[in-house]
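The values are calculated or read from the model by the stated rules, or taken from the named source; none is laboratory data. It should be emphasised that the depicted structure is a prediction, and the values quoted were computed from it without experimental measurement. Cβ sites come from the backbone with ideal geometry, for glycine too, and all protein chains shown count toward neighbours. Surface areas here come from the heavy atoms of the whole protein model, side chains and all, with no ligands, DNA or RNA. Shrake-Rupley method; radii C 1.70, N 1.55, O 1.52, S 1.80 Å.
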Amino acid sequence: MNGLVKAKEPFRFFTRLNLSELTGFRAVTLGQLAGLIKTVSGSCIYHHTHRFLQQHQYLSPEPPNDFAFWVSQVLGEEELGEKLASIDTIQFSTIRGLREEIAGTIDAYLEKHSIAKIKFTR
């Protein structure tokens, strides 16, 4: 090698800023959460299911999405929390498909555990 190869373009440093927008929606029961999951924007579903990818997911003991964490840790519905945590969010090519999977999982659980629909956060 006779000399250093000079770059054609200079290296550029970029940064980004993630700004979460508060929707004002709030659920205090599993029934309310189920209803909101079906109606909130796709960006809201994305935020609560994919945010962990930007964090240190291998170092974090929490479930891989906010819905699973809230259901298991706040409502104490660990069985449903495990089912929600096991949904592989990466396998869905659309947020709509992911939304339907989450809503379907919650609805199926509520059919078998009707009291969970009105159980308030602790």
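Listing for the model above:
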item	result
Within region 39-68, considering residues that are modelled with pLDDT under 70 and in a helix (DSSP H, G or I), the one surrounded by the fewest Cβ atoms within 10 Å (Cβ to Cβ)	GLN54
Close pairs (9 angstrom Cβ cut-off, 6 or more residues apart or separate chains): closer than 12 Å to ALA34 by Cβ in region 93-122, at pLDDT below 95 and open to solvent by 100 Å² or more (accessible area, probe 1.4 Å) anywhere	LEU110/LYS117
In region 69-104, the residues that are surrounded by 14 or more Cβ atoms within 10 Å (Cβ to Cβ), assigned to a loop (DSSP other than H, G, I, E, B) and either over 14 Å from the mean Cα position of the chain (by Cα) or not hydrophobic (A, V, I, L, M, F, W, C) (or both)	LEU75, GLU77
Residue tally, condition of a type in the set (S, T, N, Q) and open to solvent by 100 Å² or more (accessible area, probe 1.4 Å), over region 8-38	1
